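A.B. asks: I'd like to ask some things about the structure below.
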């Protein structure tokens, strides 16, 4: 097993909580940058493992974010130790912060960063901050300070977009997102690393679910596929928000956690000059092949 080479910490998470975690053969680690389809991927894993749209418990009671500070490390380890089904474990820790075990599959999802910025904005506006701070305190956050990750609400959506591009927080912002995906991009040829794209999940959900099942070695009877795919659609997930929203107590409205789930909302916000500015920023943070893969085409349209 390869040990982590970097420790990631902020007010919300600490990747040091992975130290000493007892992996099992077949474990699935869902490690995506935030707002790139984490809950979606967890739901798909749950549907493939249990092979029924009627999951045995709320998603949040089947898979914990291991390095989040709203629960104690001992409680999280005990939770996973007690599980008898195939385990799928949530994290937002990049590849270099994770222990890498040959018998464990690591799944990451990429998304157009402009869509991620829009999704983050909706996410911040939906956080019930006092409730979230109370959860952090109860979980033993080392700082015991209120989490300070949201842009000032007085800013315009346009200014919040650009603030996100400059944010160097471990979990928030374009630099951390592209660092996370760069690590998985470099390791994508490993047999136990899967790198999916949000837009592929949108355009070919069944194909991506079948691909994931194949890579995980999960056999699904043909008759079950229609119900499983239907249960993984965005509309179905939003309709079951109370059962699927993570840490439900921290949201003003759990259904708004599943805000819109569409791509391209940034088009109403950015003009061609903005896109050139954005292109210059992205070029400083990731290699060209990864940038092309994430954006599925030129960032600035040809004249």
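A.B. asks: Could you go through the stretch 93-107 and let me know if any residue there is outside any loop (DSSP other than H, G, I, E, B) and closer than 30 Å to residue 158 by Cα.
C.D. replies: No, the conditions are met nowhere in the stretch 93-107.
A.B. asks: I'm trying to understand the selection: among the residues of the stretch 188-247, which are assigned to a loop (DSSP other than H, G, I, E, B), over 25 Å from residue 290 (Cβ atoms) and more than 17 Å from the chain's Cα centre (by Cα)? Quick ask: steps written out before the conclusion?
C.D. replies: Going residue by residue through the stretch 188-247, those that are assigned to a loop (DSSP other than H, G, I, E, B) are 188-192, 204, 217-221, 232-233, 240, 245-247.
From the residues that got through so far, the ones that are over 25 Å from residue 290 (Cβ atoms) too are 217-221, 232-233, 240, 245-247.
Within the stretch 188-247, 217, 218, 219, 220, 221, 240 qualify.
A.B. asks: How many of the residues making up the stretch 32-53 are at pLDDT 95 or above and on the phi > 0 side of the Ramachandran plot?
C.D. replies: Result for the stretch 32-53: 1.
A.B. asks: Still on this model: Quick check on residue 58: is it surrounded by fewer than 16 Cβ atoms within 10 Å (Cβ to Cβ), more than 17 Å from the chain's Cα centre (by Cα) and modelled with pLDDT under 95? Lay out the reasoning, then the answer.
C.D. replies: Values: surrounded by fewer than 16 Cβ atoms within 10 Å (Cβ to Cβ): yes; more than 17 Å from the chain's Cα centre (by Cα): yes; modelled with pLDDT under 95: yes.
Yes; evaluated as a whole, the condition is true for this residue.
A.B. asks: Output the qualifying pairs, or none if there are none: Cβ atoms under 6 angstrom, residues six or more apart or on different chains, first residue in the stretch 1-24 and at positive phi and in contact (Cβ under 8 Å) with a residue 60 or more places away in the chain, second residue assigned to a strand (DSSP E or B) and loosely packed, with under 14 Cβ neighbours inside 10 Å.
C.D. replies: If the second residue must be assigned to a strand (DSSP E or B) and loosely packed, with under 14 Cβ neighbours inside 10 Å, no pairs are left.
A.B. asks: Out of the stretch 43-87, which residues are part of a helix (DSSP H, G or I), within 21 Å of residue 98 (Cα to Cα) and touching a helix residue (DSSP H, G or I) at 6+ places or on another chain (Cβ under 6 Å)?
C.D. replies: Result: 73, single match.
A.B. asks: Within the stretch 13-27, is even one residue crowded, with 17+ Cβ neighbours inside 10 Å, at pLDDT 95 or above, more than 26 Å from residue 213 (Cα to Cα) and in contact with a helix residue (DSSP H, G or I) (Cβ under 6 Å, 6 or more places away or on another chain)?
C.D. replies: yes
A.B. asks: Output the number of residues of the stretch 202-215 satisfying the condition of being in contact (Cβ under 8 Å) with a residue 60 or more places away in the chain and farther than 26 Å from residue 102 by Cα.
C.D. replies: Result for the stretch 202-215: 1.
A.B. asks: Also: Whether any residue in the stretch 278-292 is more than 21 Å from residue 179 (Cα to Cα), under 25 Å from the mean Cα position of the chain (by Cα) and free of Cβ contacts under 8 Å to residues at least 60 places away in the same chain is what I want to check.
C.D. replies: As a first pass, look at the stretch 278-292 and keep what is more than 21 Å from residue 179 (Cα to Cα): none.
Within the stretch 278-292 (the criterion being more than 21 Å from residue 179 (Cα to Cα), under 25 Å from the mean Cα position of the chain (by Cα) and free of Cβ contacts under 8 Å to residues at least 60 places away in the same chain), the answer is no, since none of the residues qualifies.
A.B. asks: Determine whether the stretch 98-116 contains at least one residue that is touching a residue at least 40 places away in the same chain (Cβ under 8 Å) and over 29 Å from residue 205 (Cα atoms).
C.D. replies: Yes, that holds for at least one residue.
The values are calculated or read from the model by the stated rules, or taken from the named source; none is laboratory data. Since the structure is predicted, the reported quantities are computational estimates derived from the model, not experimental observations. Cβ coordinates were reconstructed from backbone atoms using ideal geometry, including for glycine residues, and neighbour counts include every protein chain displayed.
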